[in-house]
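In what follows, a structure is listed as structure tokens, so that the remarks can point back to it.
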Amino acid sequence: MGSKRVMLGNGLGEALGRSVKNAKRVFDLFSGSAAVAWHVAENYEKEVISCDLQQYSTVLAASVIERTEAITDFTWADAWFRSARARIVNHRDWSRLKGHQSRLGSSDVSGAAEEARAFDLGERFPISRAYGGHYFSPWQSAWLDALRASIPSDPVYRNVALAALIQAASRCAASPGHTAQPFKPNETAGPFLIEAWQRDLPNVVATRVKEIAPRVAKIRGQAHCANALEIADQAEVDDLAFVDPPYSGVHYSRFYHVLETVARGRVGTVAGIGRYPPTEERPSSSFSMKTQAHKAFDELLAVLARRGASVIITFPSSKASNGLSGDDVKLLAAQHFRIEEEKVSSRFSTLGGDTKHRAARQDAHELILTLSASN
């Protein structure tokens, strides 16, 4: 997560700025971390409509684009934390959880991991059952469960609180930039595991609340958990669509399933090295299937062209693992639109990287295409 935040200061922001000023509304059709949706909503007097197949992305977008008034009173957040603390301090294992957390810096990694995975906090702690002792320390996952179960019911605060919890989970997860699999408790990855487990998760949540709460949209927008094609069909003449589709041959739900669990507050039986939920709980995208990606991209562009919208596309300039390349995307775009501008920006994250075959983060290049109606 985060490559679009980097690109906003490296070419994408300028491309958006030139196109947004003439747009009626802005559609962010693959919202992801919601960086682009936030950027447009905060800086331009345009309604932003975002969508993504994953609930965590919808929550992140809604926490800012669906509000036009800043939150400056945090008494609700204090009450939220008090309620969460009350859920865990009386738990039979609370003292053991705190003791394990306090010994992380002095315990051997394998011993700390073995002890961590022996905890079973019960069915009322689904995040802990799925990810405690893996992506999070037992103490961290207990806080995640308690805070998730205590999320404010007031819609004004709910999305801000849940977005802060999702971002904190992302920042504290013991994994290499995504949650496809946790660090192993071995000599190589063990120090990274312990460093992540030692992060003060409730403090990170509180910090994220105070960062998100003052941020607002100039015009109230909408966030949808939906298929991009469905939302694109709502576009009209003079609307702008930002299209940053999946480029991995593996579904993004495999990389961000932990964040999706936090957003939903529940998860089925997990399995595998990545502690993956059942397949039916993980949304799939035709853009991540080699046999369907080309057709899916063509259909989306055809809908946007028919609706009369202008488009900005970002996509890796080299061959991506879903079978498409920047050249392929340009050819598809040219069939439906006039290409007004073409730029290349830097990005840094490769989903699914490993130290044996490729780094999890590396320099790469991303194509930015600005498109307008061809007639």
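The values are calculated or read from the model by the stated rules, or taken from the named source; none is laboratory data. Predicted model, so just to flag it, every value in this text is computed and none were measured. No Cβ is skipped: glycine too gets one built from the backbone with ideal geometry, and neighbour counts run over all protein chains shown. The protein model used for the area step is the full one, side chains on, heavy atoms only, and it has no ligands, DNA or RNA in it. Shrake-Rupley method; radii C 1.70, N 1.55, O 1.52, S 1.80 Å.
General remarks:
- Kirkwood's formula applied to the C-alpha pairs of segment 1-149 gives a hydrodynamic radius of 18.5 angstrom.
- Of the residues PHE192, PHE74, PHE125, the one with the largest accessible area comes first in the ranking PHE192, PHE74, PHE125, computed with a 1.4 Å probe on protein heavy atoms.
- Fraction of the pair-distance distribution of segment 237-341 above 15 Å, Cα-Cα pairs, percent: 67 percent
- Modelled label positions at GLN292 and ARG85, each set 7 Å beyond Cα in the direction of Cβ, lie 4.8 nm from each other.
- Highest-fluctuation residue, ILE273, ILE166, ILE313 considered, GNM on the chain with Cα pairs under 10 Å: ILE273
- Inter-centroid distance (Cα atoms) of segment 204-263 relative to segment 325-347, Å: 22 Å
- Ordering HIS257, HIS294, HIS39 by accessible surface, largest first, gives HIS294, HIS39, HIS257; the 1.4 Å probe counts only protein heavy atoms, with every chain in place.
- Between the alpha-carbon centres of segment 108-123 and segment 1-49 there is a gap of 42 Å.
- Sequence-distant lysines (8 or more away, or on other chains) whose Cα lies within less than 17 Å of LYS330: LYS295, LYS319, LYS343
- Bridgeable aspartates and glutamates around LYS24 (alpha carbons under 12 Å apart, same-chain partners fewer than 8 residues away excluded): GLU45, GLU47, GLU236, ASP238, ASP239.
- In this structure segment 37-176 gives 40 Å² per residue of accessible area when probed at 1.4 Å with all protein chains present.
- Under DSSP loop assignment and at most 13 Cβ neighbours within 10 Å, longest GluC sites (Glu not before Pro)-free interval of the chain: 237-375
- Note that segment 217-228 has calculated 3J(HN,Hα) couplings of 8, 6, 10, 4, x, 9, 10, 10, 9, 7, 6, 4 Hz, one per residue in order, obtained from phi through the Karplus relation 6.51 cos²θ - 1.76 cosθ + 1.60 (θ = phi - 60°); glycine and proline are x.
- Solvent-accessible surface of segment 209-333, taken per residue with a 1.4 Å probe and all protein chains present: 42 Å².
- Considering only alpha-carbon pairs that sit under 8 angstrom and 6 or more positions apart, the relative contact order computed for the chain is 21 percent.
- Accessible area of ASP233 in the full protein assembly, 1.4 Å probe (Å², nearest 10): 70 Å²
- Counting DSSP beta bridges with both ends in the chain, the antiparallel % (nearest 5): 55 percent
- Of the residues ARG82, ARG67, the one with the largest accessible area comes first in the ranking ARG82, ARG67, computed with a 1.4 Å probe on protein heavy atoms.
- Rule-of-thumb Rg ratio for the chain [Cα; 2.2 N^0.38 Å; N residues]: 1.01
- Euclidean distance between Cα centres, segment 165-183 to segment 128-161, Å: 13 Å
- Qualifying lysines (Cα of each under 26 Å from Cα of LYS184; at least 8 residues distant if same chain): LYS98, LYS356
- Using only alpha-carbon positions in segment 33-116, the gyration tensor eigenvalues give semi-axes of 39, 19, 12 Å once each is multiplied by 5 and square-rooted (largest first).
- Cα-based radius of gyration for segment 201-282, normalised by 2.2 N^0.38 Å, reads 1.45.
- A Förster radius of 51 Å combined with the Cβ-Cβ distance from GLU114 to SER372 puts the calculated FRET efficiency at roughly 0.30.
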